[in-house]
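**Q** Just passing along the structure, written as structure tokens.
The values are calculated or read from the model by the stated rules, or taken from the named source; none is laboratory data. The structure presented is a predicted model; accordingly, all values stated were derived computationally and were not measured. Cβ coordinates were reconstructed from backbone atoms using ideal geometry, including for glycine residues, and neighbour counts include every protein chain displayed. When the accessible area is computed, the model is the full protein with side chains, heavy atoms only, and any ligands, DNA or RNA have been set aside. Shrake-Rupley method; radii C 1.70, N 1.55, O 1.52, S 1.80 Å.
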Amino acid sequence: MLTDATRLCHASEVAEDEALCVPAPAAAPTPGEPWFLVRHGGRLYGYRDDCPHIPGSPLAWRRHAYLSGDHQRIVCHAHGAQFEIATGHCVIGPCVGLSLTAIPLALAPDGSVHFDSNAPHPQHPPHPPHASSASNGPYSRITLTKDSRRQP
Ligand code: FES
């Protein structure tokens, strides 16, 4: 069920190839924990702000700064690990083969983005470094329509 306790933001707050830091909502297992969303290829992806190289380490060097210079990968600025946006898999750096923890997302009819509290707790097993983007779990991304990009 999508409520204020699961709401993260409105889809229009995340521009294409940009990231947005949001606090985990009240219904999350860890309320207030920093999470981030990335819009890429017309889809939204959500991850915990927690680098698999050193668990507990945040990725961004400043608020919302999760992406590489060309905005095509997620980067941990501590030691330079790079992750595919669509899968969260580390493809360059000290934790190749490990993955970010995906957040299950749901899109409400009004375009607001929610933590899908009905989904199983998000966990990605380690993947090989060159795994296909298609191997991503189905719950960690949502496809946006034109209507969901507009502020209500
Ligand atoms: S803590 Fe992220 S690459 Fe080392």
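**Q** How much accessible area does V96 have with a 1.4 Å probe, in Å² rounded to the nearest 10?
**A** Only protein atoms counted, so the area is about 70 Å².
**Q** So, counting K/R as plus one and D/E as minus one, what does the shell of residues with Cβ under 13 Å around A60 add up to? Before the final figure, lay out the partial values.
**A** On the way: positive: R48, R62, R63; negative: E18, D49, D50.
Neighbour charge sum, excluding A60 itself: 0.
**Q** Okay, moving on. Could you check the spin-label model distance between S57 and S12? Points 7 Å from the Cα along Cα→Cβ, value in nm.
**A** Each label point lies 7 Å from its Cα, and together they span 3.9 nm.
**Q** For D70, what accessible area in Å² do you get when you roll a 1.4 Å probe over the heavy atoms of the protein chains, rounding to the nearest 10?
**A** 100 Å²
**Q** Right, another one. At a Förster radius of 35 Å, what calculated FRET efficiency corresponds to the Cβ-Cβ distance of N118 and H71, to the nearest 0.05?
**A** Details: r = 31 Å, r/R0 = 0.89.
My answer for the efficiency is 0.65.
**Q** So, one more: Can you give the net charge of the other residues whose Cβ lies under 9 Å from the Cβ of A102, counting K and R as +1 and D and E as -1? Please list the in-between numbers first.
**A** Values: positive: R48, R141; negative: none.
Computed value for this residue: +2.
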